[in-house]
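What follows is a single structure, written as structure tokens, with notes after it.
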Amino acid sequence: MDARMDMGLIAGIGLGEAHVIRNAGGRASDDAIRSLVFSHKLLGTEEFFVIHHTDCGLEYVTSDDMGHMLAKVRRACTYHRSPFPRRCASAAA
């Protein structure tokens, strides 16, 4: 789900009243299902509210596509010898 969406505002829930799991691409992936099971079994979540918007930009991006995008960013970044890497312009975009 788009991280810019304010779930409190959209669903009328207050801080700490919901365990929000965001999953790009609108897929019921293994990691999303694992998070839901964890939330239910260990945190006591009893209800789930699923939102999927149309024309999701990541819906058709494969794992290979994502790997290629991340490799491009990694190659474009250069780091100096400080323990804190400086932020490169391509990573910020």
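The values are calculated or read from the model by the stated rules, or taken from the named source; none is laboratory data. Remember, predicted model here, so these are calculated numbers, not experimental data.
Counting only helices (runs of 4 or more DSSP H) that sit wholly inside segment 4-82, those with at least 1 residues that are at pLDDT 80 or above and among the β-branched types (Val, Ile, Thr) are 7-11, 30-43. Among the residues of segment 29-80, those that are under 24 Å from Gly12 (Cα atoms) and small (Gly, Ala, Ser) comprise Ala32, Ser35, Ser39, Gly44.
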